[in-house]
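The values are calculated or read from the model by the stated rules, or taken from the named source; none is laboratory data. Predicted model, so just to flag it, every value in this text is computed and none were measured. Using ideal geometry, Cβ is built from the backbone for each residue, glycine included, and neighbour counts are taken over all protein chains shown. All accessible areas refer to the heavy atoms of the entire protein, side chains included, with ligands and DNA or RNA removed. Shrake-Rupley method; radii C 1.70, N 1.55, O 1.52, S 1.80 Å.
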Amino acid sequence: KQEVTQIPAALSVPEGENLVLNCSFTDSAIYNLQWFRQDPGKGLTSLLLIQSSQREQTSGRLNASLDKSSGRSTLYIAASQPGDSATYLCAVSDSGNTPLVFGKGTRLSVIA
Amino acid sequence: DVKVTQSSRYLVKRTGEKVFLECVQDMDHENMFWYRQDPGLGLRLIYFSYDVKMKEKGDIPEGYSVSREKKERFSLILESASTNQTSMYLCASSQTGSRSYEQYFGPGTRLTVT
């Protein structure tokens with residue numbers, strides 16, 4: 001059964017720092033991987049989706065990479081801002097329309 | 001933009017009540033999902049549906065049922081609410097045949113059962 005792990009569980013950084021969030025999964029036979037952001041008490045906002053054939057995706061200050069063979073993904077946030085403070089969730093899908101399997105998230109605090 | 005809406009942001013119910021949580025998406029998506037989110041446990045799948053009148057059990061279906069009579073609406077039903085069903089409930093949808101199968105989430109319903 002697929003398992004997704006995110007390390008660290010929490011991270012606190014000063015404003016302006018570049019940072020990396022890690023995600024690992026046990027079964028490399030994935031269809032895609034999504035990174036989400038969740039603000040306290042709110043729903044999930046999709047940040048980036050990487051298909052299994054891709055190595056990375058970029059959106060603004062965010063860059064997500066995927067190494068399917070090693071079961072790892074990273075989310076790189078450049079020049080962090082206090083507004084980036086949130087919980088970041090990684091999730092994988094084993095085939096296109098199957099449910100996502102989620103990690104437990106990394107809670108990020110960016111200190112001004 | 002894809003929009004997924006949920007009927008209530010906050011809901012307080014009593015033990016034993018029958019509870020309906022509604023989810024509507026406006027992008028003609030075939031696939032719809034119900035998850036619950038609890039501290040320390042993360043998001044867990046309750047039920048999902050690939051099409052109208054179709055449903056599949058997820059990891060934790062006990063105490064829940066679902067209904068999908070129309071393509072855009074997927075309802076989660078708590079047959080007899082219990083305090084251990086106090087949680088954040090999240091609905092999502094995705095489109096079959098799209099290249100990415102990206103899932104889009106609603107704002108969530110925070111349910112408290114007293």
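Which ones in the stretch B:60-90 are charged (D, E, K, R) and touching a residue at least 40 places away in the same chain (Cβ under 8 Å)? I'd like the intermediate steps shown before the answer.
Here is the first cut: in the stretch B:60-90, the ones charged (D, E, K, R) are B:62, B:68-73, B:79.
Those that are charged (D, E, K, R) and touching a residue at least 40 places away in the same chain (Cβ under 8 Å): B:K71, B:E72, B:R73, B:E79.
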Residues of the stretch B:50-109 satisfying the condition of being within 21 Å of A:G41 (Cβ to Cβ), more than 9 Å from chain A (Cβ to nearest Cβ) and open to solvent by 20 Å² or more (accessible area, probe 1.4 Å):
B:T83, B:N84, B:T86
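If you go through the stretch A:35-53 one residue at a time, do you hit one that is among the small types (G, A, S), over 24 Å from B:A92 (Cβ atoms) and open to solvent by 60 Å² or more (accessible area, probe 1.4 Å)?
To start, the set of residues in the stretch A:35-53 that are among the small types (G, A, S) comprises A:41, A:43, A:46, A:52-53.
With over 24 Å from B:A92 (Cβ atoms) added as a condition, the list becomes none.
So far as the stretch A:35-53 goes, no, none of its residues is among the small types (G, A, S), over 24 Å from B:A92 (Cβ atoms) and open to solvent by 60 Å² or more (accessible area, probe 1.4 Å).
Report those strands (runs of 3 or more DSSP E) wholly inside the stretch B:1-53 carrying at least 1 residues which are within 11 Å of the chain's Cα centre (by Cα). Break it down stepwise before answering.
Details: elements: B:4-6, B:10-13, B:19-25, B:31-38, B:42-49.
The strands (runs of 3 or more DSSP E) meeting that bar are B:4-6, B:19-25, B:31-38, B:42-49.
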Selection within the stretch A:15-30 - over 17 Å from A:S73 (Cα atoms) and open to solvent by 70 Å² or more (accessible area, probe 1.4 Å):
A:E15, A:E17
Checking the structure you have, find out if any residue of the stretch A:75-93 is buried (at least 21 other Cβ atoms within 10 Å of the Cβ), modelled with pLDDT of 95 or more, within 14 Å of chain B (Cβ to nearest Cβ) and assigned to a loop (DSSP other than H, G, I, E, B).
no
For the stretch B:36-49, the count of residues that are closer than 25 Å to B:T112 by Cβ, more than 8 Å from chain A (Cβ to nearest Cβ) and crowded, with 20+ Cβ neighbours inside 10 Å equals 4
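Can you confirm whether A:S65 is open to solvent by 20 Å² or more (accessible area, probe 1.4 Å), touching a Gly at 6+ places or on another chain (Cβ under 6 Å) and either free of Cβ contacts under 8 Å to residues at least 12 places away in the same chain or more than 19 Å from A:T87 (Cβ to Cβ) (or both)? Outline the logic, then answer.
Values: open to solvent by 20 Å² or more (accessible area, probe 1.4 Å): yes; touching a Gly at 6+ places or on another chain (Cβ under 6 Å): no; either free of Cβ contacts under 8 Å to residues at least 12 places away in the same chain or more than 19 Å from A:T87 (Cβ to Cβ) (or both): yes.
Against the criterion (open to solvent by 20 Å² or more (accessible area, probe 1.4 Å), touching a Gly at 6+ places or on another chain (Cβ under 6 Å) and either free of Cβ contacts under 8 Å to residues at least 12 places away in the same chain or more than 19 Å from A:T87 (Cβ to Cβ) (or both)), A:S65 does not qualify.
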Being farther than 19 Å from A:N97 by Cβ, without any contact (Cβ under 8 Å) to a residue 60 or more places away in the chain, under 16 Å from the mean Cα position of the chain (by Cα) and within 11 Å of another protein chain (Cβ to nearest Cβ), is that true of even one residue in the stretch A:15-24?
no
Matching residues, the stretch A:56-74, being basic (K, R) and either within 21 Å of A:G96 (Cβ to Cβ) or assigned to a helix (DSSP H, G or I) (or both)
A:K68
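Can you find, within the stretch A:94-112, the residue that is nearest to the other protein chains (Cβ to nearest Cβ) among those that are assigned to a strand (DSSP E or B) and buried (at least 19 other Cβ atoms within 10 Å of the Cβ)?
Start the filter on the stretch A:94-112 by keeping residues that are assigned to a strand (DSSP E or B), which leaves A:101-102, A:106-111.
Of the ones still in play, those that are also buried (at least 19 other Cβ atoms within 10 Å of the Cβ) are A:101-102, A:106, A:108, A:110.
Working: A:V101: 8, A:F102: 4, A:T106: 12, A:L108: 16, A:V110: 22 Å.
Among them, the one singled out is A:F102.
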Would it be correct to say that A:S53 is within 14 Å of another protein chain (Cβ to nearest Cβ) and part of a loop (DSSP other than H, G, I, E, B)?
yes
